[in-house]
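Values quoted throughout were computed directly from the atomic coordinates according to the rules given, and no laboratory measurement underlies them. None of the values given here were measured: they were computed from a predicted structure. Here Cβ is always computed from backbone atoms with ideal geometry, including for glycine, and neighbour counts include all displayed protein chains.
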Amino acid sequence: MVQVHQHEWWQRDDLHYQNNQLHFAGEYVQKLAHQFGTPSFVYSSARVEANLIRVRQALDAAGLAGRSSIFYAMKANRFAPLLRFIKQTGLCGIDACSPNEVKHALSCGFSPSDISFTATSLSQQDFAELARYEGLFMDCDSLHAIRRWGELRPGSEIGIRINPAVGIGRACNDRLHYAGCKTTKFGIYQEQFMQALELAAQYGLSVSKIHFHTGCGYLTPELEQLDHVITECMKFVDASSDVRSVNIGGGLGIPHLPEDQSLNLEQWSIVLNKHFAHRDLHIEVEPGDYICKDAGLLLLGKTYVEQKRDTLFVGVDAGFNIAPEPAYYGLPFQPVPLQIDDSPLTLTTVVGNINEALDVWYENALLPNLAQHDYLALINAGAYSSSMASNHCMRGEFNEFLLA
Ligand SMILES: Cc1ncc(COP(=O)(O)O)c(C=O)c1O
């Protein structure tokens, strides 16, 4: 058993204990749980804006002020009030990956020209629908996509999503790599790139952008790898005559574990500066995780506490299907009690209400005795959670709230 301490690794100005109560976005979380019920996602608009501003400032610090743009990857979280809020910050456009995402972004105030579209395995119907949006920018990720878009929009400008055969992502997590040793479906490889340019030329398409997104969740230790990825990708830029912009994808990560070093954006700027400061190129970045993940909490109701053999279990009223990242990608969401006291901490495993072996929120978290607690919060639930939810076991219900 360990004594409670108030200086948990995840605490920050807008998420911390105040009077022994968890406080988030200016509110006591216990009050939010009472008001909203559980399971509920609560998002801090102030944190989302602060995250966007931090990326904007890092681009400026890289010497890219006035020639760089942010496109928020809405696959991370498409909650309509959140998207409307993001639109009104004026800090970014949208990275969309399906016709329905485009429609939804438009309904939240974005216009087609705010949207950069990058997807994979589009059907003829998808292409036809997308071609109707004047101003939407299409990144083609395959020869097939160039052909289809060329037929529908001959003479237009496109981007090509390339695959540099090197990737970046959270350390030791292959599931978060989109490019690397293993051949993936994402983007056009070097050996087909000339064919891609020729195909584009046949349709009069001008390839004005090179796009790459090679992995997710990178932190400071992976910045050397980012440097390498960009070096490889610039070979594609140098092989194309019409390219005016480069989209370096998303992938900027946030800490999930006490030992994670958060991403140092000053060092990120230095990498971008090295590659782009001297080049006459517009630079785009399309983060999802970094913008929303740490701006969201998932509030859960406690269902039971029970010792089984060597493990103390705490059950909660929602399972992995409403926030699948911990189960699918092995990215744990730290459970956090809503109130703390001087009682000792015990290793506790937090589990959900789905009959699947992978329905484990967190193994061996140090938590106080939760017998008297009604709720528990999971941090980092603001991205790739509600947007990936399913109703497996007919238990997909949850509420979402945007806080100031
Ligand atoms: C093409 C593309 N861009 C951007 C993103 C956003 O990535 P992240 O949320 O890791 O920043 C993704 C995520 O899958 C993606 O596939």
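What's the angle, to the nearest 10 degrees (0 to 90), between helix 265-276's Cα axis and the longest principal axis of the chain?
10 degrees
List the extent of the Cα atoms of the range 97-166 along each of their three principal axes, largest first, rounded to whole Å.
36, 29, 20
Report the charge-dipole magnitude of the chain in Debye, nearest 20, computed about the Cα centre from +1 at each Lys and Arg Cβ and -1 at each Asp and Glu Cβ.
Numbers: 30 positive and 45 negative charges, 137 e Å.
That gives the chain a dipole magnitude of about 660 debye.
With +1 on each Lys and Arg Cβ and -1 on each Asp and Glu Cβ, and nothing else charged, work out how big the dipole of the range 21-105 is about its Cα centre, in Debye to the nearest 20.
My answer is approximately 100 debye.
For helix 80-89, report the angle its Cα long axis makes with the longest principal axis of the Cα atoms of the chain; keep it between 0 and 90° and round to the nearest 10°.
The helix 80-89 is inclined about 60 degrees to the chain.
Over 31 Å between Cα atoms, which of K31/K293; K103/K235; K31/K87; K103/K293; K87/K302 qualify?
K103/K235; K87/K302
Looking at the calculated P(r) for the range 256-360, what percent of the C-alpha pair distances fall above 16 Å?
Details: 3895 of 5460 pairs.
I get 71 percent for the Cα pairs in the range 256-360 exceeding 16 Å.
What percentage of all Cα-Cα pairs in the range 219-265 are separated by more than 17 Å?
46 percent
If you take the charge dipole of the range 337-404 about its Cα centre, with +1 on Lys and Arg Cβ and -1 on Asp and Glu Cβ, which of L366, I379, A389 is farthest toward its positive end?
So the residue we want is A389.
Using a simple spin-label model with points 7 Å from Cα along the Cα→Cβ vector, what separation in nm is obtained for H7 and A46?
Label-label distance for H7 and A46, simple model: 2.4 nm.
Would you mind calculating the relative contact order of the range 24-111 from Cα pairs under 8 angstrom and at least 6 residues apart, reporting the percent as a whole number?
The normalised contact order for the range 24-111 reaches 25 percent.
In square nanometres and to one decimal, what's the mean projected area of the convex hull around the Cα atoms of the range 137-251?
If you wrap the Cα atoms of the range 137-251 in a convex hull and average its projections, you get 6.7 nm².
Specify which residue in the list F320, V285, S269 is farthest towards the positive end of the charge dipole of the range 265-385, using unit charges on the beta carbon of Lys, Arg (+1) and Asp, Glu (-1), about the Cα centre.
S269
For the chain, modelled as a Gaussian network with Cα springs under 10 Å, which listed residue fluctuates most, C216, C172, C97?
In the Gaussian network model the winner is C172.
For the range 67-287, what does the relative contact order come out to in percent, with C-alpha contacts under 8 Å and a separation of six or more?
Details: 426 pairs, mean separation 43.7, N = 221.
Reported as a whole number, the value is 20 percent.
Which value, in Å³ per residue, describes the convex hull spanned by the Cα atoms of the chain?
Working: hull volume 56.1 nm³, N = 404.
Convex hull volume per residue, Cα atoms: 139 Å³.
Just subtract the alpha-carbon distance of T303 and E129 from 0.36 nm times their residue separation and send over the number in nm, one decimal. Walk me through the numbers on the way to the answer.
Details: separation 174, 0.36 × 174 = 62.64 nm, distance 4.57 nm.
That pair, T303 and E129, stretches by 58.1 nm at full extension.
For the chain, calculate the relative contact order in percent as a whole number, restricting contacts to Cα pairs under 8 Å that are 6 or more residues apart.
Relative CO of the chain lands at 22 percent.
From the C-alpha coordinates alone, can you work out the Kirkwood hydrodynamic radius of the range 67-287, in Å?
When all Cα pairs of the range 67-287 are included, the Kirkwood radius is 17.8 Å.
Just the Cα atoms of the range 1-136: what Rg and Dmax do they give in Å?
Considering the range 1-136 through its Cα atoms, Rg and Dmax are 19.2, 62 Å.
Please determine, in degrees from 0 to 90 and to the nearest 10, the orientation of helix 45-59 with respect to the longest principal axis defined by the Cα atoms of the chain, where the helix direction is its Cα long axis.
The angle comes out near 40 degrees.
Using the Cα centre of the range 148-193 as the reference point, and only Cβ charges (+1 on K/R, -1 on D/E), how large is the resulting charge dipole? Debye, rounded to the nearest 20.
For the range 148-193, the charge dipole is close to 220 debye.
Positive end of the dipole of the range 67-287, charges at C-beta (+1 Lys, Arg; -1 Asp, Glu), about the Cα centre: which of S121, P99, A76 has its Cα farthest in that direction?
So the residue furthest toward the plus end is P99.
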